[in-house]
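See below for the structure under consideration.
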Amino acid sequence: MDEQERKKNIRRTTMIVVAIAVAFYVGFIMMGVLRA
Amino acid sequence: MTTAVADTHAADHEDHGPTKGIKRWLFSTNHKDIGTMYLIFSLVMFFIGGAMAMVIRSELAVPGLQFVHPEFFNSMTTMHALIMVFGAVMPAFVGLANWMIPLMIGAPDMALPRMNNWSFWILPVAFGILLSTLLMPGGAPAGGWTMYPPLILQTGDAFPFLIFSVHLMGISSIMGSINVIVTIINMRAPDMTLLKMPMFVWTWLITAYLLIAVMPVLAGAVTMLLTDQFFGTSFFLAAGGGDPVMFQHIFWFFGHPEVYIMILPAFGVVSEIIPTFSRKKLFGHDSMVYAASCIAFLSFIVWAHHMFTVGMPLTGQLFFMFATMLIAVPTGVKIFNWVATMWRGAMTFETPMLFSLAFVFLFTIGGFSGLMLAIQPADVQYHDTYFVVAHFHYVLVPGSVFAIMAGAYYWLPKWTGFMYNEKLGKLHFWASTIFVNLTFFPMHFLGLAGMPRRIPDYSTQFTDFNTIASIGAIGFGLSQLLFVLVLLTAKKGARATDRVWEGSHGLEWTVPSPAPWHTFTTPPKARIANESFE
């Protein structure tokens, strides 16, 4: 794996993990909003 | 791996910021420096949280009100928990991860070094804010670390500071876990497939995914508390049509996996140490990986066992009871594998091994009392008693804290380049083990006899066991000073070899002791790597 590809993979993994975190944060607040 | 790639790889991680003075620490992007800062920070927090425990146990040494106002006592229990969970145990494991994961997988650094610096430096700010609430009108938060509404909404000026500091701790943890995941997925040595990774790396990968999933949930819960208090919403306020029990569901959806966040890396540390001092390979490496994954999955579907007494349908009670009991199966696999690793091994009992053995025995006691608490009809009796306090302290002190101590002793020679004082280490171990049992074992009896938790005074029939627990706690607190002495004298011992321990295995032992500032600037060769994996 060359360095460019490694960097691309690092960016991709980071974005996926950040998306999961944001989804859980927004999702649980939305659950509260929908129940309230 | 071609030379060209190795060179680019190295060049990319050459600059880790200033190398001297305070700027080295403020701006460092080096995983070893940041790991050291995490570990020192967690030790400081351990002593601050420990001092709060001393206040609690001094007050409870005899019946009646002795030293502190009941409000302040409640602040102490709340702050002790928040500091120990978020300030001591979690940062200690992140410190170990920072130091050891790149060394174990043959990476030159963490994948996102600047974010690594940021995630550490958020922590002193978060805990500075939290500790500053002790000086505020109305005092520090006193509604328990669980922050249940409506009680927590009665907090004085400290409330928004509590919420802000919890958000900061969450951001720090999330950034730390993003770094761990990205590093492990993308920066492993060429031949290191996932199932060849050391157990510490595996348990941290699983822990990081847990953190990514549940820290935002806690952040969401406290955001909703904040809007309930200041922006007129009624997420959890019954008067406005909200539901306070919903907060408990959301909190424990975070809170139960949080327990495993604090114990899975401990499993990883112990899984590194026991094979070394048994001079054998870890028994059932792959089954350990699957067991840890199973535990992580189950941790998401058992949260309501913390709230059996709020009232829920019978089917709900049965589901959460049986799902909780199921966790004993993968945990049993792990304990069996540790014992099987030791079986007929050429065991020696250096300090890291002693702490690991105590971990296996004493964590199991905490696990068994957890099983007792999982039985819903019995939990109605145990709920909110000292039995619960005994249970989670057995899991977290001789569990998580002992594993951190074991890891610190195990890797200290690799970090400093010198062997620590083994006699002092063993003294620290024996004092800790005796006093930890003296502190927490009597709490089982107190709980079974009905003593409620989170109270500054109690009926006289509970005196004896409380006095014993208080003596034990003060002894345990003082014995931790021996660890500080070990650290202060760490560079007075004999020079450590690269391998340090006779039975050690893995890539981290192929680099010199102390580990140089830059390691694996060229990814380790497959042959060396393969030998080390085995």
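The values are calculated or read from the model by the stated rules, or taken from the named source; none is laboratory data. Computed from a predicted model, the values in this text were never measured in an experiment. Note that each Cβ is placed from the backbone with ideal geometry, even for glycine, and that neighbours are counted across all protein chains shown. All accessible areas refer to the heavy atoms of the entire protein, side chains included, with ligands and DNA or RNA removed. Shrake-Rupley method; radii C 1.70, N 1.55, O 1.52, S 1.80 Å.
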For this session: Kindly provide the Kirkwood hydrodynamic radius of the stretch B:146-248 in Å, to one decimal, from all pairs of distinct alpha carbon atoms.
Result: 15.8
Problem set entry | Rounded accessible area per residue of the stretch B:136-189, 1.4 Å, Å² | 28
Exercise. Dipole magnitude of chain B about its Cα centre, charges +1 at Lys/Arg Cβ and -1 at Asp/Glu Cβ only, in debye to the nearest 20?
Worked result: 1180
Exercise. Any idea what the relative contact order of chain B is, in percent, if you count C-alpha pairs under 8 Å spaced at least 6 apart?
Worked result: 18
Exercise. How much of the accessible area of the stretch B:295-358, in percent, comes from carbon and sulfur atoms when a 1.4 Å probe is used?
Worked result: 80
Exercise. What part of the accessible area of the stretch B:117-263, given as a whole %, is carbon or sulfur when the probe is 1.4 angstrom?
Worked result: 71
Problem set entry | Euclidean distance between Cα centres, the stretch B:351-369 to the stretch B:54-77, Å | 29
Problem set entry | Loss of accessible area when B meets A, both sides summed, Å² nearest 100, probe 1.4 Å | 2200
For this session: Measure nothing but the geometry: give the 0 to 90° angle between the long axis through the Cα atoms of B:314-326 and the longest principal axis through the Cα atoms of chain B, rounded to 10°.
Result: 30
Exercise. Distance in nm between label sites at B:A378 and B:K491, each 7 Å beyond Cα in the beta-carbon direction?
Worked result: 5.2
Exercise. Amide H of B:T385: which non-local residues (sequence gap of 5 or more, or other chain) have their own amide H closer than 5 Å, using H built in the peptide plane?
Worked result: B:R453
For this session: Convert each backbone phi in the stretch B:49-62 into a coupling constant with the Karplus relation 6.51 cos²θ - 1.76 cosθ + 1.60 (shift: θ = phi - 60°), then list the ³J(HN,Hα) values in order as whole Hz, x for Gly and Pro.
Result: x, x, 4, 5, 4, 5, 4, 4, 6, 5, 5, 8, 4, 9
Problem set entry | lysines with Cα under 18 Å of B:K334, excluding same-chain neighbours fewer than 8 positions away | B:K196, B:K280, B:K281
For this session: Using the heavy atoms of the protein chains and a 1.4 angstrom probe, tell me the accessible area per residue for the stretch B:373-492 in square angstrom.
Result: 39
For this session: Pull out the extension gain between A:V26 and A:N9, defined as 0.36 nm times the separation in residues minus the alpha carbon to alpha carbon distance; nm, one decimal.
Result: 3.6 nm
Problem set entry | Those lysines that a straight Cα-Cα span of less than 16 Å connects to B:K426, excepting residues fewer than 8 apart in one chain | none
Problem set entry | Accessible area in the full protein assembly, largest first, 1.4 Å probe, for B:E71, B:E350 | B:E71, B:E350
Problem set entry | Helix-only mean residue ellipticity at 222 nm for chain B, each DSSP H run of n ≥ 4 adding -39500 (n - 2.57), per residue, nearest 500 | -22500 deg cm²/dmol
For this session: Hey, can you find the accessible area per residue of the stretch B:198-343 for me, probe 1.4 Å, expressed in square angstrom?
Result: 32
Exercise. What's the FRET efficiency of B:R24 with B:Q66 using the Cβ-Cβ distance as r and R₀ = 41 Å, to the nearest 0.05?
Worked result: 0.35
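Using a probe of 1.4 angstrom, how much of the accessible area of the stretch B:413-517 is carbon and sulfur, in percent?
In the stretch B:413-517, the share of accessible area belonging to carbon and sulfur is 69 percent.
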Exercise. Tell me, which residues of the stretch B:210-225 get at least 20 Å² less accessible area when the other protein chains come in, versus the chain alone (1.4 Å probe)?
Worked result: B:I212, B:A213, B:P216, B:V217, B:G220, B:T223, B:M224
Exercise. When the accessible area of each residue in the stretch B:242-287 is compared between its chain alone and the complete protein assembly (1.4 Å probe; ligands, DNA and RNA ignored), which residues differ by at least 20 Å², being lower in the assembly?
Worked result: B:D243, B:M246, B:I250, B:F253
Seminar exercise, completed: The answer for chymotrypsin sites (Phe, Trp or Tyr not before Pro) in the stretch B:187-296 that fall in a DSSP coil and have at most 16 neighbouring Cβ atoms within 10 Å is B:F231
Exercise. Separation of the stretch B:273-291 and the stretch B:463-502 by C-alpha centroid, Å?
Worked result: 26
For this session: Starting from the stretch B:385-492, pick out the trypsin sites (Lys or Arg not before Pro) whose DSSP state is loop and whose Cβ has at most 16 other Cβ atoms within 10 Å.
Result: B:R454
Seminar exercise, completed: Computed over the stretch B:58-187, the relative contact order (Cα-Cα under 8 Å, seq sep at least six) in percent reads 34
For this session: Give a quick list of chymotrypsin sites (Phe, Trp or Tyr not before Pro) in the stretch B:56-109 that DSSP marks as loop, anything other than H, G, I, E or B, with at most 15 other Cβ atoms within 10 Å.
Result: B:F67
For this session: With θ set to phi - 60°, apply the Karplus curve 6.51 cos²θ - 1.76 cosθ + 1.60 along the stretch B:20-28 and write out the HN-Hα couplings as whole Hz, x wherever there is a Gly or Pro.
Result: 10, x, 5, 5, 4, 7, 5, 10, 5
